[in-house]
Amino acid sequence: MPGHLVRCGNSTPYDISFGKQAGGGAVLLLQNGIAGVTIEGVSNGEDRYMDTNEAIKQRYVCPEDVDFYEKMGVCFGREVKKEFSHKFRKVTGHIERYM
């Protein structure tokens, strides 16, 4: 999902939380002599990072995700498909989070 800078909107709680995690993780990396990298995420007591050249590579979005957000009213500047199908599945146990 595009962040607030791309959406040109207000920051979401997710944006704010990730900003705090990335900033704190960056400080810890620098304190441990690791520089010139990009924070990918922070969770479960682990800072995940990657080379910045890898982090800024172009990545393609899933067309089904775009369809979903358009159905919810987000405009990506293209004509919205009339047909939209979505599946539902009940889960238990570990909760999957996006990042």
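Would it be correct to say that K90 is touching a helix residue (DSSP H, G or I) at 6+ places or on another chain (Cβ under 7 Å), in a loop (DSSP other than H, G, I, E, B) and among the charged types (D, E, K, R)? So that I can check it myself, show each step before the final result.
Working: touching a helix residue (DSSP H, G or I) at 6+ places or on another chain (Cβ under 7 Å): no; in a loop (DSSP other than H, G, I, E, B): yes; among the charged types (D, E, K, R): yes.
It is false that K90 is touching a helix residue (DSSP H, G or I) at 6+ places or on another chain (Cβ under 7 Å), in a loop (DSSP other than H, G, I, E, B) and among the charged types (D, E, K, R).
Can you pull out the residues in region 69-87 that are in a helix (DSSP H, G or I) and either over 16 Å from the mean Cα position of the chain (by Cα) or at pLDDT below 80 (or both)? Outline the logic, then answer.
Start the filter on region 69-87 by keeping residues that are in a helix (DSSP H, G or I), which leaves 69-71.
Within region 69-87, E70, K71 meet the criteria.
Which of the following residues is surrounded by 11 or more Cβ atoms within 10 Å (Cβ to Cβ), among the aliphatic types (A, V, I, L, M) and in contact with a helix residue (DSSP H, G or I) (Cβ under 8 Å, 6 or more places away or on another chain): V61, V80? It would help to see each step written out before you state the result.
On the way: V61 fails: in contact with a helix residue (DSSP H, G or I) (Cβ under 8 Å, 6 or more places away or on another chain).
When all the criteria are applied, what remains is V80.
The values are calculated or read from the model by the stated rules, or taken from the named source; none is laboratory data. In this text the structure is predicted, and so the values were computed from the model without any measurement. Please note: Cβ atoms are built from the backbone with ideal geometry, for glycine as well, and neighbour counts cover all protein chains shown.
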